[in-house]
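Here is the structure we will look at.
The values are calculated or read from the model by the stated rules, or taken from the named source; none is laboratory data. Computed from a predicted model, the values in this text were never measured in an experiment. Neighbour counts are summed over all protein chains in view; Cβ atoms, including those assigned to glycine, are modelled from backbone coordinates with ideal geometry. Calculation scope for accessible area: heavy atoms of the full protein, side chains included, ligands and nucleic acids excluded. Shrake-Rupley method; radii C 1.70, N 1.55, O 1.52, S 1.80 Å.
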Amino acid sequence: MEVMNGHKKWGFQGNPELIASSISVRGVLTKLMANRNKDDKRPTIPLGRADPTEFPSYRTTPVAPDAVADATYSYNFNCYPPTVGIAEARRAVAEYLSKDFPYQLSPDDVYLTAGCTQAIEIVVSVLARPNANILFPRPGYPQYEARASCSKLEARHFDLIPEKGWEVDLDSVEALADENTVAMVIINPSNPCGNVFTYQHLKEIAETASKLGIFVISDEVYGHLAFGSNPFVPMGVFGSTVPVLTLGSISKRWIVPGWRLGWIVTSDPNGIFHQSGFVECMKNFLDITTDPPTNMQGALTQILKHTKEDFYSKILTTIRGAADILYDRIQEIPCLTCPHKPDGSMVAMVKLNLPLLEGIIDDVDFCMKLAKEESVIVLPGVTVGLKNCLRITFAVEHSALEDGLGRIKAFYHRHAKKE
């Protein structure tokens, strides 16, 4: 027995899997914020995180807080909820999603979660078994990677093709999949790329996954935030071709990310999720994890049913205008290239042309120095799996976006390589 300072050596330590998977949007943004010059009196321009709640143009509909107040003051939602979610809220989600489906979802297809982040944790944890692997998009959302690492589920990455509007490289999907592959993840509308998949491309994804014997996890947290030529099509439309697990929430469409209310939905008319035992395992996991607050669940029916179209259209108009500003101003900054004008979500991927810059090593160095010199926060692309790129959030007030991009342009001129 090893003895140190007169007592037995301590028998605990941190989980190395958590250290290995520690890259996260929040963690990187915290480091960037800490690197700002405290003497810079200008306001910080937050172009790194898709949370526009501080800006008046992105205020949620009054229907939402009214619904929460009504649910709370009814005193009917102070109890523990069923682990799958309260029946009325599950029914409301099924009806809301079924409007865009060729078939009717059942409330039993819906499982309520504490936001889409918990939905990711639940699904990845349920899928983790020895030797299994899962296919993630590159670039993608790092929460999937981190959760897979913690669950010891092997992550493999298929490419998204910028020259084709960030479509999935289906050849790479087929090359990566083997007999131990359980599922592939798509994010539509895309975070971090800002694209919206066409109906035809989603159909091809469904057919490819079906051929490989894997199901599709469709992250639709930005569902309906499509403002370009491609309308939003939910992947569940193709549930008869391949089983689809839809992840969603009220965070983005209603601009309430702090409310932490989301869902997992099985879009599977053929009942394959039940036959495989997946649904039973998911219910078992829900029994041992936390629930979304009951009063939020009690508010959900009113939020989904009574939000007016003019709120949705106003938000889309605001985001569309911001996307136009971003795309136009990026073209005025020689070291940046936006390969695809964003037509969905709140973010875009931008390529960084390092040879045009003096003293900038990579995307992380660019972002750290930008934060220090200009008080502008953008996310380095390595965070989402694409080195020497940037993920820029455009969901801010238009004036703040113009200011932030102007500061990035000034930063470029300060660091431009001399001829």
Practice prompt. Could you list, in sequence order, all residues of segment 282-338 that are among the charged types (D, E, K, R), over 30 Å from TYR412 (Cα atoms) and part of a helix (DSSP H, G or I)?
Written response: LYS283, LYS305, GLU309, ASP310, LYS314
Worksheet item: Could you list, in sequence order, the residues of segment 362-404 that are assigned to a loop (DSSP other than H, G, I, E, B), touching a helix residue (DSSP H, G or I) at 6+ places or on another chain (Cβ under 8 Å) and open to solvent by 10 Å² or more (accessible area, probe 1.4 Å)?
Response: ASP362, GLY385, LYS387, ASN388, GLU397
Worksheet item: GLY165 is checked against (1) open to solvent by 50 Å² or more (accessible area, probe 1.4 Å); (2) in contact with a His (Cβ under 7 Å, 6 or more places away or on another chain); (3) small (Gly, Ala, Ser) and fails just one. What number does that condition carry?
Response: (1)
Worksheet item: Only one of ALA114, ALA119 is open to solvent by 10 Å² or more (accessible area, probe 1.4 Å), of a type outside the set (Phe, Trp, Tyr) and either out of contact with any Asp or Glu (no Cβ under 6 Å at 6 or more places or on another chain) or closer than 28 Å to GLN297 by Cα (or both); which?
Response: ALA114
Fill in: Subset of segment 212-221 that is open to solvent by 10 Å² or more (accessible area, probe 1.4 Å) and touching a helix residue (DSSP H, G or I) at 6+ places or on another chain (Cβ under 8 Å) - its residue that is farthest from ILE122 (Cα to Cα)
LEU212
Item to complete: Identify, from the list LEU357, LEU316, LEU304, LEU300, the residue that is over 20 Å from the mean Cα position of the chain (by Cα), farther than 30 Å from ALA87 by Cα and surrounded by 15 or more Cβ atoms within 10 Å (Cβ to Cβ).
Response: LEU357
Discussion item. Considering only residues that are under 12 Å from HIS398 (Cβ atoms) and touching a Ser or Thr at 6+ places or on another chain (Cβ under 9 Å), which ones fall in segment 304-321?
Written reply: THR318, ILE319
Discussion item. Checking the structure you have, find out if any residue of segment 144-154 is assigned to a strand (DSSP E or B), touching a residue at least 60 places away in the same chain (Cβ under 8 Å) and closer than 26 Å to VAL279 by Cα.
Written reply: no
Discussion item. Just to be sure I understand the filter: pairs with C-beta atoms under 8 Å, separated by 6 or more residues or on different chains, first member in segment 329-353 and without any contact (Cβ under 8 Å) to a residue 12 or more places away in the chain and on the phi < 0 side of the Ramachandran plot, second member outside any strand (DSSP E or B) and open to solvent by less than 20 Å² (accessible area, probe 1.4 Å). Which pairs pass?
Written reply: GLN331/CYS338
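Would you say VAL384 is more than 18 Å from GLN331 (Cα to Cα) and touching a Lys or Arg at 6+ places or on another chain (Cβ under 8 Å)?
Taking the combined requirement at face value, the residue satisfies it.
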Discussion item. Step by step: first the residues of segment 222-249, then only those that are over 21 Å from GLU121 (Cβ atoms) and among the polar types (S, T, N, Q), then the one that is least open to solvent (accessible area, probe 1.4 Å). Which residue is that?
Written reply: ASN230
Item to complete: Determine if segment 187-199 includes at least one residue that is open to solvent by 30 Å² or more (accessible area, probe 1.4 Å) and not hydrophobic (A, V, I, L, M, F, W, C).
Response: yes
Worksheet item: Under the condition of being touching a residue at least 12 places away in the same chain (Cβ under 8 Å) and within 16 Å of LYS308 (Cα to Cα), which residue from segment 46-82 is most open to solvent (accessible area, probe 1.4 Å)?
Response: ARG59
Discussion item. Go through (1) closer than 20 Å to PRO139 by Cβ; (2) over 19 Å from the mean Cα position of the chain (by Cα); (3) not hydroxyl-bearing (Ser, Thr, Tyr) for ASN284 and report which single condition fails.
Written reply: (1)
Worksheet item: Looking at segment 83-111, which of its residues are open to solvent by 40 Å² or more (accessible area, probe 1.4 Å), part of a loop (DSSP other than H, G, I, E, B) and in contact with a Ser or Thr (Cβ under 6 Å, 6 or more places away or on another chain)?
Response: GLN104
Discussion item. Need pairs with beta-carbon distance below 7 Å; first residue more than 16 Å from ALA148 (Cβ to Cβ) and within segment 8-25, second modelled with pLDDT under 80 and open to solvent by 80 Å² or more (accessible area, probe 1.4 Å); sequence gap 6+ or separate chains.
Written reply: LYS8/MET1; LYS9/GLU2
Discussion item. Pull out all pairs, ordered by first then second residue, where Cβ-Cβ is under 6 Å, the residues are six or more apart or on different chains, the first lies in segment 197-213 and is over 21 Å from ASP343 (Cα atoms) and part of a helix (DSSP H, G or I), and the second is at pLDDT 95 or above and of a type in the set (Lys, Arg).
Written reply: none
Practice prompt. For LYS252, indicate whether it is open to solvent by 10 Å² or more (accessible area, probe 1.4 Å), within 22 Å of the chain's Cα centre (by Cα) and at pLDDT 95 or above.
Written response: yes
Fill in: In segment 36-45, residue nearest to the chain's Cα centre (by Cα) [restricted to those that are surrounded by 13 or more Cβ atoms within 10 Å (Cβ to Cβ) and not polar (S, T, N, Q)]
ILE45
Fill in: Members of segment 239-294 found to be among the charged types (D, E, K, R) and in contact with a helix residue (DSSP H, G or I) (Cβ under 6 Å, 6 or more places away or on another chain), listed by number
ARG260
